[in-house]
Amino acid sequence: MLTTITEGILCCLTGKAARLVLPLESTEPSDGFEFVEVKPGRVLRVRHIIPERQPVVNDEHVANGEQKAADHDENKNDSSGGGVHCKRKITVYRNGQLVIENLGDVLHAEILQCQDGDLEPCSTVEVELADYKELASSPDPNPVPPPVPPPPGEQKPAPPPRRRRRKPKRTVLIDSKRLISSCKGTHSDVALFFVHGVGGSLDIWSSQLDFFSRLGYEVIAPDLAGHGASTAPQIAAAYTFYALAEDLRAIFKRYARKRNILIGHSYGVSFCTFLAHEYPDLVHKVVMINGGGPTPLEPSLCSIFQLPSCVLHCLSPCLAWSFLKAGFAHQGAKEKQLLKQGNAFNVSPFVLRAMMGGQYWPEGDEVYHAELTVPILLVHGMCDKFVPMDEDQRMAEILLFAFLKVIEEGSHMVMMECPDTVNTLLHEFFLWEPDVSGKVSSKTDTEKSIGFSDTLHTLRLNKSMDK
(Lines give C-alpha, C1' and ligand atoms only; values in the text may rest on other atoms or scores of the structure.)
Protein backbone atom coordinates (compact mmCIF):
# COMPACT_ATOMS: atom_id res chain seq x y z
CA MET A 1 0.00 0.00 0.00
CA LEU A 2 2.73 2.37 0.89
CA THR A 3 5.74 3.24 -1.13
CA THR A 4 8.86 2.09 0.61
CA ILE A 5 9.93 5.59 1.54
CA THR A 6 6.63 6.09 3.36
CA GLU A 7 7.43 3.56 6.04
CA GLY A 8 11.18 3.74 6.10
CA ILE A 9 11.88 6.73 8.27
CA LEU A 10 9.48 5.31 10.84
CA CYS A 11 12.44 3.28 12.07
CA CYS A 12 14.14 6.43 13.21
CA LEU A 13 15.96 5.40 16.36
CA THR A 14 18.10 2.47 15.28
CA GLY A 15 21.55 1.20 15.95
CA LYS A 16 20.89 -1.19 18.85
CA ALA A 17 21.25 -4.93 18.81
CA ALA A 18 18.27 -7.24 18.85
CA ARG A 19 16.51 -6.90 22.19
CA LEU A 20 16.12 -9.71 24.69
CA VAL A 21 12.81 -11.49 25.07
CA LEU A 22 11.54 -13.47 28.02
CA PRO A 23 11.96 -17.22 27.57
CA LEU A 24 9.00 -19.06 26.15
CA GLU A 25 8.33 -20.76 29.47
CA SER A 26 7.59 -17.35 31.01
CA THR A 27 4.43 -16.79 29.05
CA GLU A 28 2.16 -16.01 31.99
CA PRO A 29 0.24 -12.77 31.40
CA SER A 30 1.80 -9.83 33.21
CA ASP A 31 -0.03 -6.49 33.13
CA GLY A 32 -1.81 -7.65 30.00
CA PHE A 33 1.37 -8.78 28.20
CA GLU A 34 1.77 -12.29 26.81
CA PHE A 35 4.45 -14.00 24.72
CA VAL A 36 3.11 -16.17 21.90
CA GLU A 37 5.25 -18.58 19.90
CA VAL A 38 3.84 -18.37 16.38
CA LYS A 39 6.58 -20.63 14.99
CA PRO A 40 9.40 -22.58 16.63
CA GLY A 41 11.77 -19.95 18.01
CA ARG A 42 9.62 -17.07 16.72
CA VAL A 43 7.99 -15.38 19.70
CA LEU A 44 5.83 -12.27 19.58
CA ARG A 45 4.91 -10.04 22.46
CA VAL A 46 1.19 -9.38 22.63
CA ARG A 47 -0.74 -7.04 24.87
CA HIS A 48 -4.06 -8.70 25.56
CA ILE A 49 -6.54 -7.01 27.86
CA ILE A 50 -9.76 -8.82 28.76
CA PRO A 51 -12.12 -6.53 30.67
CA GLU A 52 -14.01 -7.79 33.67
CA ARG A 53 -17.66 -7.83 32.71
CA GLN A 54 -19.83 -8.01 35.79
CA PRO A 55 -23.48 -8.83 35.05
CA VAL A 56 -25.85 -6.20 36.34
CA VAL A 57 -28.49 -7.86 38.51
CA ASN A 58 -31.60 -6.15 39.87
CA ASP A 59 -32.47 -8.01 43.05
CA GLU A 60 -36.11 -7.00 42.87
CA HIS A 61 -36.82 -8.31 39.38
CA VAL A 62 -34.01 -10.64 38.27
CA ALA A 63 -32.92 -13.90 39.85
CA ASN A 64 -31.19 -17.05 38.58
CA GLY A 65 -33.19 -18.21 35.53
CA GLU A 66 -34.47 -14.70 34.83
CA GLN A 67 -30.87 -13.43 34.80
CA LYS A 68 -29.86 -16.05 32.23
CA ALA A 69 -32.77 -15.07 30.03
CA ALA A 70 -31.78 -11.41 30.32
CA ASP A 71 -28.19 -12.24 29.34
CA HIS A 72 -29.48 -14.22 26.37
CA ASP A 73 -31.62 -11.31 25.22
CA GLU A 74 -28.66 -8.92 25.60
CA ASN A 75 -26.40 -11.12 23.49
CA LYS A 76 -29.16 -11.40 20.91
CA ASN A 77 -29.47 -7.63 20.73
CA ASP A 78 -25.69 -7.28 20.55
CA SER A 79 -25.63 -8.78 17.07
CA SER A 80 -28.61 -6.84 15.74
CA GLY A 81 -27.81 -4.53 12.88
CA GLY A 82 -28.48 -3.82 9.26
CA GLY A 83 -28.32 -6.47 6.58
CA VAL A 84 -26.50 -5.13 3.52
CA HIS A 85 -26.46 -6.66 0.06
CA CYS A 86 -22.91 -6.29 -1.29
CA LYS A 87 -23.01 -6.60 -5.05
CA ARG A 88 -20.53 -5.20 -7.53
CA LYS A 89 -18.92 -6.00 -10.85
CA ILE A 90 -15.20 -5.38 -11.38
CA THR A 91 -13.92 -5.39 -14.96
CA VAL A 92 -10.22 -5.31 -15.85
CA TYR A 93 -9.18 -4.60 -19.45
CA ARG A 94 -5.95 -5.54 -21.15
CA ASN A 95 -4.73 -1.96 -21.37
CA GLY A 96 -4.85 -1.59 -17.59
CA GLN A 97 -8.24 0.09 -17.36
CA LEU A 98 -10.43 -0.83 -14.41
CA VAL A 99 -14.18 -0.21 -14.17
CA ILE A 100 -16.16 -0.88 -11.00
CA GLU A 101 -19.96 -1.05 -10.94
CA ASN A 102 -21.64 -1.00 -7.54
CA LEU A 103 -25.03 -2.67 -7.76
CA GLY A 104 -25.90 -2.85 -4.06
CA ASP A 105 -28.09 0.10 -3.07
CA VAL A 106 -28.93 -0.34 0.61
CA LEU A 107 -25.92 1.11 2.39
CA HIS A 108 -25.17 3.55 -0.42
CA ALA A 109 -28.67 4.99 -0.13
CA GLU A 110 -28.18 5.78 3.54
CA ILE A 111 -24.73 7.28 3.07
CA LEU A 112 -25.92 9.48 0.23
CA GLN A 113 -28.89 10.54 2.34
CA CYS A 114 -26.62 11.55 5.22
CA GLN A 115 -24.13 13.33 3.00
CA ASP A 116 -26.23 15.00 0.34
CA GLY A 117 -29.78 14.87 1.64
CA ASP A 118 -30.76 12.66 -1.30
CA LEU A 119 -33.69 10.50 -0.25
CA GLU A 120 -33.78 8.45 -3.44
CA PRO A 121 -31.69 5.27 -3.40
CA CYS A 122 -28.87 5.08 -5.90
CA SER A 123 -29.24 1.64 -7.44
CA THR A 124 -26.09 1.80 -9.56
CA VAL A 125 -22.86 3.61 -8.78
CA GLU A 126 -20.13 3.30 -11.35
CA VAL A 127 -16.63 4.19 -10.22
CA GLU A 128 -14.08 4.78 -12.95
CA LEU A 129 -10.47 5.12 -11.91
CA ALA A 130 -8.15 7.98 -12.82
CA ASP A 131 -6.45 6.36 -15.81
CA TYR A 132 -9.84 5.38 -17.22
CA LYS A 133 -11.12 8.92 -16.79
CA GLU A 134 -8.10 10.38 -18.55
CA LEU A 135 -8.53 7.99 -21.44
CA ALA A 136 -12.21 8.78 -21.70
CA SER A 137 -11.64 12.54 -21.63
CA SER A 138 -8.72 12.54 -24.09
CA PRO A 139 -9.47 12.94 -27.82
CA ASP A 140 -9.45 9.84 -29.96
CA PRO A 141 -6.13 9.69 -31.87
CA ASN A 142 -7.87 7.98 -34.81
CA PRO A 143 -11.32 9.50 -35.02
CA VAL A 144 -13.84 7.99 -37.37
CA PRO A 145 -15.35 10.71 -39.63
CA PRO A 146 -19.11 10.88 -39.70
CA PRO A 147 -20.73 9.32 -42.75
CA VAL A 148 -21.41 11.68 -45.66
CA PRO A 149 -24.93 11.40 -47.05
CA PRO A 150 -24.88 10.30 -50.72
CA PRO A 151 -26.16 12.64 -53.43
CA PRO A 152 -29.72 12.06 -54.56
CA GLY A 153 -30.01 9.22 -57.03
CA GLU A 154 -26.75 7.53 -56.13
CA GLN A 155 -26.49 4.17 -54.44
CA LYS A 156 -26.08 4.31 -50.69
CA PRO A 157 -22.52 3.35 -49.74
CA ALA A 158 -21.84 0.44 -47.44
CA PRO A 159 -21.73 1.38 -43.75
CA PRO A 160 -18.26 1.63 -42.18
CA PRO A 161 -17.08 -1.45 -40.34
CA ARG A 162 -18.05 -1.50 -36.70
CA ARG A 163 -15.35 -1.36 -34.10
CA ARG A 164 -14.80 -4.60 -32.34
CA ARG A 165 -15.94 -4.46 -28.74
CA ARG A 166 -13.19 -4.70 -26.18
CA LYS A 167 -13.00 -7.97 -24.35
CA PRO A 168 -12.19 -7.72 -20.64
CA LYS A 169 -9.10 -9.47 -19.40
CA ARG A 170 -10.75 -10.33 -16.12
CA THR A 171 -14.19 -9.94 -14.56
CA VAL A 172 -14.89 -10.30 -10.86
CA LEU A 173 -18.45 -10.60 -9.56
CA ILE A 174 -19.25 -10.10 -5.87
CA ASP A 175 -22.66 -11.02 -4.52
CA SER A 176 -22.92 -11.48 -0.76
CA LYS A 177 -24.85 -10.27 2.24
CA ARG A 178 -23.36 -8.79 5.40
CA LEU A 179 -24.78 -7.99 8.81
CA ILE A 180 -23.27 -4.69 9.98
CA SER A 181 -24.03 -3.96 13.61
CA SER A 182 -23.01 -1.66 16.42
CA CYS A 183 -20.07 -2.98 18.47
CA LYS A 184 -20.05 -1.91 22.11
CA GLY A 185 -17.51 -2.61 24.80
CA THR A 186 -20.10 -4.62 26.71
CA HIS A 187 -20.45 -7.08 23.84
CA SER A 188 -18.53 -10.22 24.71
CA ASP A 189 -18.16 -11.30 21.07
CA VAL A 190 -16.20 -8.18 19.98
CA ALA A 191 -12.39 -7.92 19.85
CA LEU A 192 -10.17 -5.07 18.65
CA PHE A 193 -6.84 -5.84 16.91
CA PHE A 194 -4.21 -3.07 16.61
CA VAL A 195 -1.35 -3.54 14.10
CA HIS A 196 1.60 -1.14 13.92
CA GLY A 197 3.92 -0.44 10.97
CA VAL A 198 7.64 -0.56 10.27
CA GLY A 199 9.78 0.56 13.20
CA GLY A 200 6.87 0.90 15.58
CA SER A 201 5.62 -1.31 18.37
CA LEU A 202 2.42 -1.89 20.26
CA ASP A 203 3.43 1.08 22.43
CA ILE A 204 2.30 3.52 19.74
CA TRP A 205 -1.27 2.39 20.54
CA SER A 206 -0.99 3.13 24.28
CA SER A 207 -3.71 5.80 24.27
CA GLN A 208 -6.07 3.64 22.21
CA LEU A 209 -5.47 0.48 24.26
CA ASP A 210 -6.12 2.28 27.54
CA PHE A 211 -9.15 4.13 26.20
CA PHE A 212 -10.98 1.15 24.72
CA SER A 213 -10.08 -1.27 27.51
CA ARG A 214 -11.65 1.17 29.99
CA LEU A 215 -14.80 1.11 27.85
CA GLY A 216 -14.93 -2.65 28.24
CA TYR A 217 -13.47 -3.74 24.90
CA GLU A 218 -11.17 -6.71 24.58
CA VAL A 219 -8.01 -5.41 22.89
CA ILE A 220 -5.13 -7.26 21.25
CA ALA A 221 -1.95 -5.55 20.04
CA PRO A 222 1.13 -7.55 18.89
CA ASP A 223 4.73 -6.52 18.29
CA LEU A 224 5.82 -7.53 14.81
CA ALA A 225 8.91 -9.72 14.59
CA GLY A 226 12.03 -7.66 15.28
CA HIS A 227 9.99 -4.90 16.93
CA GLY A 228 9.24 -4.04 20.53
CA ALA A 229 9.92 -7.06 22.73
CA SER A 230 9.39 -9.73 20.05
CA THR A 231 12.25 -11.92 18.85
CA ALA A 232 14.43 -10.57 16.05
CA PRO A 233 15.61 -13.39 13.75
CA GLN A 234 18.86 -12.59 11.96
CA ILE A 235 17.64 -13.70 8.55
CA ALA A 236 16.10 -11.38 5.98
CA ALA A 237 13.45 -13.92 4.94
CA ALA A 238 11.86 -13.55 8.38
CA TYR A 239 10.71 -10.02 7.53
CA THR A 240 8.98 -10.44 4.18
CA PHE A 241 5.36 -9.42 3.90
CA TYR A 242 4.24 -13.04 3.70
CA ALA A 243 6.24 -14.10 6.78
CA LEU A 244 4.82 -11.26 8.86
CA ALA A 245 1.32 -11.87 7.50
CA GLU A 246 1.48 -15.49 8.62
CA ASP A 247 2.55 -14.32 12.10
CA LEU A 248 -0.49 -12.08 12.30
CA ARG A 249 -2.71 -14.82 10.94
CA ALA A 250 -1.63 -17.00 13.89
CA ILE A 251 -2.31 -14.15 16.35
CA PHE A 252 -5.70 -13.47 14.78
CA LYS A 253 -6.77 -17.13 14.89
CA ARG A 254 -5.68 -17.36 18.53
CA TYR A 255 -7.62 -14.34 19.84
CA ALA A 256 -10.44 -13.85 17.30
CA ARG A 257 -14.03 -13.54 18.48
CA LYS A 258 -17.24 -13.61 16.49
CA ARG A 259 -16.98 -9.93 15.50
CA ASN A 260 -13.46 -8.55 15.09
CA ILE A 261 -12.38 -5.03 14.24
CA LEU A 262 -8.92 -4.47 12.71
CA ILE A 263 -7.08 -1.17 13.22
CA GLY A 264 -3.87 -0.73 11.23
CA HIS A 265 -1.36 2.08 10.85
CA SER A 266 0.83 2.67 7.79
CA TYR A 267 2.40 -0.68 6.79
CA GLY A 268 0.09 -2.37 9.29
CA VAL A 269 -2.85 -1.43 7.04
CA SER A 270 -1.62 -3.94 4.47
CA PHE A 271 -1.81 -6.75 7.02
CA CYS A 272 -5.31 -5.70 8.07
CA THR A 273 -6.36 -5.77 4.42
CA PHE A 274 -4.87 -9.25 4.10
CA LEU A 275 -6.77 -10.55 7.13
CA ALA A 276 -10.04 -8.91 6.04
CA HIS A 277 -9.69 -10.59 2.65
CA GLU A 278 -8.82 -13.97 4.17
CA TYR A 279 -11.50 -13.96 6.89
CA PRO A 280 -14.50 -11.99 5.57
CA ASP A 281 -16.92 -13.69 7.98
CA LEU A 282 -14.85 -12.87 11.08
CA VAL A 283 -13.70 -9.33 10.26
CA HIS A 284 -16.57 -6.97 11.05
CA LYS A 285 -15.01 -3.55 10.43
CA VAL A 286 -11.58 -2.14 9.51
CA VAL A 287 -9.82 1.12 10.30
CA MET A 288 -6.95 2.26 8.04
CA ILE A 289 -4.79 5.07 9.45
CA ASN A 290 -2.47 6.74 6.94
CA GLY A 291 -2.26 3.56 4.88
CA GLY A 292 -1.83 4.98 1.40
CA GLY A 293 -3.30 3.90 -1.91
CA PRO A 294 -4.51 0.49 -3.12
CA THR A 295 -1.32 -0.40 -4.98
CA PRO A 296 0.77 -3.60 -4.80
CA LEU A 297 3.75 -3.53 -2.48
CA GLU A 298 7.11 -3.40 -4.17
CA PRO A 299 10.48 -2.45 -2.62
CA SER A 300 12.34 0.44 -4.16
CA LEU A 301 15.72 -0.43 -5.65
CA CYS A 302 16.96 3.15 -5.23
CA SER A 303 15.94 3.59 -1.60
CA ILE A 304 18.35 4.71 1.10
CA PHE A 305 17.31 1.60 3.01
CA GLN A 306 19.13 -0.58 0.50
CA LEU A 307 22.39 0.61 2.04
CA PRO A 308 24.34 -1.80 4.28
CA SER A 309 23.25 -2.07 7.90
CA CYS A 310 26.46 -0.47 9.17
CA VAL A 311 25.76 2.61 7.04
CA LEU A 312 22.20 2.83 8.33
CA HIS A 313 23.60 2.62 11.85
CA CYS A 314 25.72 5.70 11.20
CA LEU A 315 22.78 7.51 9.63
CA SER A 316 20.40 6.77 12.51
CA PRO A 317 20.58 10.30 14.02
CA CYS A 318 19.69 11.78 10.63
CA LEU A 319 16.84 9.32 10.20
CA ALA A 320 15.54 10.18 13.65
CA TRP A 321 15.53 13.89 12.91
CA SER A 322 13.97 13.36 9.48
CA PHE A 323 11.17 11.30 10.95
CA LEU A 324 10.51 13.88 13.65
CA LYS A 325 10.18 16.57 10.97
CA ALA A 326 8.03 14.54 8.59
CA GLY A 327 6.09 12.25 10.93
CA PHE A 328 4.74 14.91 13.30
CA ALA A 329 2.95 18.15 12.57
CA HIS A 330 4.98 19.89 15.30
CA GLN A 331 8.49 19.22 16.58
CA GLY A 332 8.33 20.19 20.23
CA ALA A 333 9.24 18.54 23.51
CA LYS A 334 5.99 16.55 23.45
CA GLU A 335 6.80 14.94 20.12
CA LYS A 336 10.37 14.14 21.15
CA GLN A 337 9.06 12.51 24.31
CA LEU A 338 6.64 10.42 22.27
CA LEU A 339 9.57 9.11 20.25
CA LYS A 340 11.55 8.12 23.34
CA GLN A 341 8.94 6.66 25.60
CA GLY A 342 8.36 2.93 25.54
CA ASN A 343 11.07 2.19 22.93
CA ALA A 344 8.36 2.67 20.34
CA PHE A 345 10.83 3.25 17.50
CA ASN A 346 13.78 1.16 18.56
CA VAL A 347 14.69 -1.28 15.81
CA SER A 348 18.04 -2.60 14.64
CA PRO A 349 19.48 -1.53 11.25
CA PHE A 350 19.33 -5.14 10.05
CA VAL A 351 15.60 -5.38 10.80
CA LEU A 352 15.01 -1.99 9.20
CA ARG A 353 16.78 -2.99 6.01
CA ALA A 354 15.07 -6.39 5.87
CA MET A 355 11.62 -4.90 6.50
CA MET A 356 11.99 -2.38 3.70
CA GLY A 357 13.35 -4.96 1.29
CA GLY A 358 10.61 -7.45 2.16
CA GLN A 359 7.68 -5.23 1.19
CA TYR A 360 6.68 -7.34 -1.78
CA TRP A 361 2.98 -8.12 -2.17
CA PRO A 362 1.89 -8.13 -5.84
CA GLU A 363 -1.58 -9.52 -5.00
CA GLY A 364 -2.56 -6.37 -3.11
CA ASP A 365 -3.68 -4.42 -6.16
CA GLU A 366 -6.81 -2.38 -6.81
CA VAL A 367 -8.95 -5.40 -7.63
CA TYR A 368 -7.88 -7.07 -4.38
CA HIS A 369 -9.05 -4.04 -2.41
CA ALA A 370 -12.23 -3.67 -4.46
CA GLU A 371 -13.24 -7.19 -3.42
CA LEU A 372 -13.50 -6.19 0.25
CA THR A 373 -17.10 -5.95 1.46
CA VAL A 374 -16.38 -4.86 5.04
CA PRO A 375 -17.10 -1.26 6.16
CA ILE A 376 -13.82 0.66 6.34
CA LEU A 377 -12.90 3.94 8.03
CA LEU A 378 -9.96 5.79 6.47
CA VAL A 379 -8.16 8.24 8.77
CA HIS A 380 -5.68 10.67 7.24
CA GLY A 381 -3.52 13.30 8.92
CA MET A 382 -3.59 16.46 6.84
CA CYS A 383 0.07 17.24 7.64
CA ASP A 384 1.32 13.76 6.72
CA LYS A 385 4.41 14.14 4.53
CA PHE A 386 4.76 10.39 3.95
CA VAL A 387 1.33 9.54 2.56
CA PRO A 388 -0.25 12.02 0.11
CA MET A 389 -3.91 12.85 0.51
CA ASP A 390 -4.58 11.62 -3.03
CA GLU A 391 -3.64 8.06 -2.07
CA ASP A 392 -6.28 7.79 0.65
CA GLN A 393 -8.82 9.42 -1.67
CA ARG A 394 -7.99 6.81 -4.27
CA MET A 395 -8.48 4.12 -1.65
CA ALA A 396 -11.93 5.52 -0.81
CA GLU A 397 -12.89 5.35 -4.49
CA ILE A 398 -11.89 1.70 -4.79
CA LEU A 399 -13.39 0.35 -1.56
CA LEU A 400 -17.06 -0.62 -1.47
CA PHE A 401 -18.07 0.84 1.92
CA ALA A 402 -15.49 3.50 2.78
CA PHE A 403 -15.55 6.66 4.90
CA LEU A 404 -12.63 9.09 4.75
CA LYS A 405 -11.88 11.32 7.73
CA VAL A 406 -9.20 14.00 7.55
CA ILE A 407 -7.73 15.35 10.79
CA GLU A 408 -6.32 18.75 10.01
CA GLU A 409 -3.99 19.00 13.01
CA GLY A 410 -2.57 15.48 12.61
CA SER A 411 0.33 14.01 10.66
CA HIS A 412 1.59 10.48 10.04
CA MET A 413 1.51 9.58 13.75
CA VAL A 414 -1.95 11.05 14.22
CA MET A 415 -3.01 8.49 16.85
CA MET A 416 -0.15 9.71 19.07
CA GLU A 417 -0.53 13.41 18.26
CA CYS A 418 -4.32 13.59 18.55
CA PRO A 419 -5.32 10.61 20.70
CA ASP A 420 -8.62 12.08 21.90
CA THR A 421 -9.78 12.91 18.37
CA VAL A 422 -8.77 9.52 17.00
CA ASN A 423 -10.31 7.63 19.94
CA THR A 424 -13.62 9.46 19.57
CA LEU A 425 -13.70 8.91 15.82
CA LEU A 426 -12.91 5.20 16.13
CA HIS A 427 -15.51 4.71 18.84
CA GLU A 428 -18.23 6.36 16.76
CA PHE A 429 -17.32 4.07 13.88
CA PHE A 430 -17.49 1.00 16.13
CA LEU A 431 -20.96 2.03 17.32
CA TRP A 432 -22.22 2.92 13.84
CA GLU A 433 -24.68 0.65 12.06
CA PRO A 434 -26.66 1.28 8.87
CA ASP A 435 -30.36 2.01 8.93
CA VAL A 436 -31.36 -0.17 6.00
CA SER A 437 -35.11 0.19 6.53
CA GLY A 438 -35.17 3.62 4.93
CA LYS A 439 -37.36 4.87 7.78
CA VAL A 440 -36.40 6.75 10.90
CA SER A 441 -37.17 4.43 13.78
CA SER A 442 -36.35 6.80 16.61
CA LYS A 443 -34.66 10.07 17.40
CA THR A 444 -31.71 8.27 18.94
CA ASP A 445 -31.08 6.23 15.80
CA THR A 446 -31.26 9.37 13.67
CA GLU A 447 -28.78 11.23 15.82
CA LYS A 448 -26.39 8.28 15.79
CA SER A 449 -26.41 7.85 12.01
CA ILE A 450 -26.27 11.51 11.04
CA GLY A 451 -23.83 12.39 13.81
CA PHE A 452 -21.26 9.90 12.57
CA SER A 453 -21.73 11.04 8.98
CA ASP A 454 -21.16 14.65 10.01
CA THR A 455 -17.99 13.69 11.83
CA LEU A 456 -16.58 12.17 8.68
CA HIS A 457 -14.84 14.64 6.45
CA THR A 458 -15.61 13.22 3.02
CA LEU A 459 -16.93 10.16 1.23
CA ARG A 460 -15.50 9.31 -2.18
CA LEU A 461 -17.48 6.25 -3.20
CA ASN A 462 -19.66 8.10 -5.72
CA LYS A 463 -17.22 10.82 -6.74
CA SER A 464 -17.36 9.98 -10.41
CA MET A 465 -21.12 10.58 -10.43
CA ASP A 466 -20.44 14.30 -10.11
CA LYS A 467 -18.79 14.40 -13.52
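List the residues whose amide H sits under 5 Å from the amide H of PHE33, counting only those 5 or more places along or on another chain, with H placed 1.01 Å from N in the peptide plane.
Amide H neighbours of PHE33: HIS48.
Residue by residue through the stretch 167-176, what is 3J(HN,Hα) from phi via Karplus (6.51 cos²θ - 1.76 cosθ + 1.60, θ = phi - 60°)? Round to whole Hz and write x for glycine and proline.
9, x, 6, 7, 10, 10, 10, 10, 8, 8
For the stretch 353-401, with all protein chains present and a 1.4 Å probe, just round the carbon and sulfur fraction of the accessible area to a whole percent. Provide the component values of the computation, followed by the final result.
On the way: 700 of 1370 Å².
Carbon and sulfur atoms account for 51 percent of the accessible area of the stretch 353-401.
Amide H of PHE401 versus every other amide H placed in the peptide plane: which residues, excluding those fewer than 5 positions away on the same chain, fall under 5 Å?
Residues meeting the criterion, in which the H sits 1.01 Å from N, are ILE376.
What is the packing order of peptides 39-46, 206-213, taking the mean over residues of other C-beta atoms within 10 Å and listing the highest first? Write out the running numbers ahead of the final one.
On the way: 39-46: 17.4, 206-213: 19.2.
The packing order, highest mean first, is 206-213, 39-46.
So what J values fall out for the stretch 227-233 if you push phi through Karplus, 6.51 cos²θ - 1.76 cosθ + 1.60 with θ = phi - 60°, rounded to Hz, Gly and Pro as x?
10, x, 10, 7, 5, 10, x
Would you grab the residues whose amide H sits under 5 Å from the one on GLY364? Only those 5+ places off in sequence or on another chain, please, with H modelled 1.01 Å from N.
For GLY364, whose amide H was placed from the backbone, the distant partners under 5 Å are LEU297.
With a bin width of 5 angstrom, please list the P(r) values of the stretch 384-423 as percents of all Cα-Cα pairs, from the 0 bin to the one holding the largest distance.
All Cα pairs considered, the percentages come to 6, 22, 27, 22, 19, 5.
For MET382, what charge total do you get from the other residues with a beta carbon under 9 Å from its beta carbon, if Lys and Arg give +1 and Asp and Glu give -1? Display every interim value, and only then the final one.
Working: positive: none; negative: ASP384, GLU408, GLU409.
In short, -3.
Which value in nm describes the separation of the simple spin-label points at SER207 and ASP390, placed 7 Å from the Cα toward the beta carbon?
Using points 7 Å along Cα→Cβ, the separation is 3.0 nm.
The values are calculated or read from the model by the stated rules, or taken from the named source; none is laboratory data. Nothing here was measured: the structure is a model prediction, and the numbers come from that model. A quick note on method: Cβ atoms are made from the backbone with ideal geometry, for glycine too, and the neighbour counts reach across all protein chains shown. Surface accessibility is based on the protein's heavy atoms, side chains included, excluding ligands, DNA and RNA. Shrake-Rupley method; radii C 1.70, N 1.55, O 1.52, S 1.80 Å.
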